[in-house]
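The values are calculated or read from the model by the stated rules, or taken from the named source; none is laboratory data. Note that the coordinates shown come from a computational prediction; the quantities given were computed from them, not determined experimentally. A quick note on method: Cβ atoms are made from the backbone with ideal geometry, for glycine too, and the neighbour counts reach across all protein chains shown. Only protein heavy atoms, including side chains, enter the accessible area calculation; ligands, DNA and RNA are left aside. Shrake-Rupley method; radii C 1.70, N 1.55, O 1.52, S 1.80 Å.
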Amino acid sequence: MTGALVELLAGRRPPPRWARLPLAALRTLGLLYGGAQWLRAAAYRHGWPRPYRAPCPVISVGNLAAGGTGKTPMVVWLAERLVAEGHRVGVVSRGYRQVEGRPVTVVADGRGLRLTPPAAADEAAMVAARLPEVVVVTAPARWRGIEAAVRELGCDCVLLDDAFQHLGVARDLDICLLDAEHPFANGAVIPGGLLREFPSALGRADLAVLTRTGDDGGVATAARLRGRFPRLTVAATRHAVGEVVRLGGAGGAGGVAGSRLACFCGIARPDGFYAAVAGLGVEVVHRVAFGDHHPFVAGDLQAVAAAASAAGATGLICTEKDAVKIDPAWSPLPVWVARLGLEFVAGGDAVWRRVRAALGAAGGGGWGVGDGGRDVHP
């Protein structure tokens, strides 16, 4: 999907005249898909099929729109704080674009990273590399991953990554992330837009977390959401670079302010990454955006480094999600890694109170006849 098409479907630019008719046809298909998703959610809401109930508290982090809204940084934010309070945390995800299709893959067992891409999904490997004390499991049927995390690896709580549409698992807290500027993209469901469900699906969330807030801190968007969904707790965040480290560890961590670097990444929305790097005081002399979840090979890094050198760069910089798929030996230039995270600008305390309440009130034990953990990942 091209950047221009993503901008169009995300509602960040008006459609050109020639695109209006095809877009209208795609919106019609989206109504059918959205209707099917609505019926599926209604069936679960009325108890058929019954979702799996985990033997421990489950917190889901997901979104309404396909693409990057900061789900994994939100999971990292939650996991860090839960570990600090003494919890044995498990992070369970589908393992999107993971090469090996095993029923359950233990990416990390709480003592460190066990698998790297392509044997492990890139986002799961990134969480495991950042938080070695956290259990990270991928499983197409999420309930199997939860069972492994709890029964075999001793977790006392589970974070489900990218699971707002995964209704086959009951959760004790449902967190939905939304882009602060365009929370419902262009308002249309896939393939006519980026929404995975109709906007009304946000009504089943407990918390809405706005990401990429602008100068107003997401105040206007938060007010609109509260007006439409009165029971919804709304918080606001922005992306920030916590630290920059050198890939491979050689030379250790260090400041990059004043450096001439080339940015490269394989994420859904690279503009936020570019802005974060520029905010470090880096002179960005070259940019390369690969497709989301791009499986990097040596030739990619060699080509980027050659173009970067020609532009006068002294090094490369990428995201953590990219770094777990890269061997530093592939690049003749040093590769720096920007560790992006979420910084709450409003509502962080309210989010944490809801998390603690969910863990305290959660019940576990047994599971009903659900859909076997199937979900939709557009």
Checklist entry - Given a Förster distance of 41 angstrom, what is the FRET efficiency for A329 paired with W48, based on the Cβ-Cβ distance and rounded to 0.05? => result 0.15
Checklist entry - Two-decimal Rg/Rh of the chain from alpha-carbon positions, Kirkwood Rh? => result 0.96
Checklist entry - Once the principal axes of the Cα atoms of segment 76-164 are found, what is the range along each, listed largest first in whole angstroms? => result 34, 25, 23
Checklist entry - If eta is 1.306 mPa s and T is 10 °C, what Stokes-Einstein diffusion coefficient results for segment 125-246, Kirkwood Rh from Cα pairs, in µm²/s? => result 95
Checklist entry - What number, in nm² with one decimal, is the all-direction average of the projected area of the convex hull of the alpha-carbon atoms of segment 198-312? => result 9.8
Checklist outcome for this item: Dividing the helical contributions, -39500 (n - 2.57) per DSSP H run of n ≥ 4, by the residues of the chain yields a 222 nm value, nearest 500 deg cm²/dmol, of -9000 deg cm²/dmol
Checklist entry - Stretch R228-V99 to full length: gain in nm at 0.36 nm per residue minus the Cα-Cα span? => result 42.3 nm
Checklist outcome for this item: In a Gaussian network model of the chain with springs linking alpha carbons closer than 10 Å, the residue among P199, P22, P191 that fluctuates most is P22
Checklist entry - Can you pull the three principal axis extents for the Cα set of segment 148-195, in Å, largest first? => result 43, 21, 15
Checklist outcome for this item: Rounded to whole angstroms and listed largest first, the alpha-carbon spread of segment 260-364 along its three principal axes comes to 57, 31, 20
Checklist entry - Which ³J(HN,Hα) values, rounded to whole Hz and listed in residue order, are derived for segment 25-42 from phi using the Karplus coefficients 6.51, -1.76 and 1.60 in 6.51 cos²θ - 1.76 cosθ + 1.60 with θ = phi - 60°, glycine and proline given as x? => result 5, 5, 5, 5, 4, x, 4, 5, 5, x, x, 5, 5, 5, 5, 4, 5, 5
Checklist entry - Which value, in Å² and to the nearest 10, is the accessible area of H239 when all protein chains are kept and the probe is 1.4 Å? => result 50
Item to check | Estimated distance in nm for a label pair at A350 and A278, the labels positioned 7 Å out from Cα along Cα-to-Cβ | outcome: 3.2
